[in-house]
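First the structure, in the form of structure tokens, and then the observations on it.
The values are calculated or read from the model by the stated rules, or taken from the named source; none is laboratory data. If you're wondering where the values come from, they're calculated on a predicted model, not measured in any experiment. In this analysis, Cβ positions are derived from the backbone assuming ideal geometry, glycine residues included, and neighbour counts consider all displayed protein chains.
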Amino acid sequence: MVHNEVSYEISYRNIKYPRIEFTTGKLLFVLPHNFDPEIIFKKHKKWIIRKKTFIEDCLKEAENKKLAERSEQEFMEMVYYQVGIISEGLDEKPNKIYFKTMKTKWASCSKKRNITINTLMKFLPERLIQYVIFHEMIHLKQRKHNDKFWEIISRKFENYKPLEKELFIYWFLIAKLSEDRKT
């Protein structure tokens, strides 16, 4: 569907509250049955347009990016090495490290102190891999993305905001390549 030159898809589900997703770079309204998408579009129009513009900018920047080429084994060794170095500096160790392909994030840290790494990270430049691992390791000290969390991040990555944007650029680049391979 298209609304004011913004294309979107609708997924009706057995849910109580509507939500908006842009996880793959495409706008998706996840709605309760019999919910009018026009209501949610009007309510969040400014946010939707801002997010769409951000994604278009990321896709444009992605045209100049190259994906790293490394094997699963090389990638896993890099992750374990980085975790070891960061663990020493933070005096914190994760319980376990898992690897799996994830659809919405680069990595996560559970309450049980397990870190899950998205296998798609193997395509990222090494500095972004280091940043994501450091980010997840900080969650061992600070669970939430609050001011304290970002203060700790900025001690090692003073200018972390461009890294966050670059992660989006690579996310959409990898998503686009995956989509292109399907067609």
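The set of residues in the stretch 1-43 being at pLDDT 90 or above, of a type in the set (Phe, Trp, Tyr) and closer than 22 Å to PHE172 by Cα consists of PHE29 alone. When each of SER71, SER87, SER11, SER7 is tested for being farther than 19 Å from PRO125 by Cα and out of contact with any strand residue (DSSP E or B) (no Cβ under 8 Å at 6 or more places or on another chain), the lone residue that passes is SER87.
Summed over the stretch 31-53, residues that are of a type in the set (A, V, I, L, M, F, W, C) and surrounded by 15 or more Cβ atoms within 10 Å (Cβ to Cβ) total 5.
Scanning the stretch 57-99 for residues that are among the acidic types (Asp, Glu), loosely packed, with under 12 Cβ neighbours inside 10 Å and over 15 Å from ILE117 (Cα atoms) gives GLU63, GLU69, GLU88, ASP91. A count restricted to the stretch 44-65 and to residues that are within 19 Å of ALA175 (Cα to Cα) and not in a helix (DSSP H, G or I) stands at 3. Taking residues in the stretch 99-112 that are within 21 Å of PHE168 (Cβ to Cβ), and partners anywhere that are assigned to a loop (DSSP other than H, G, I, E, B) and hydroxyl-bearing (Ser, Thr, Tyr), the pairs with Cβ atoms closer than 6 Å and at least 6 places apart or on different chains are THR104/THR23. Residue count for the stretch 85-116, restricted to those that are among the small types (Gly, Ala, Ser) and within 28 Å of LYS26 (Cβ to Cβ): 2.
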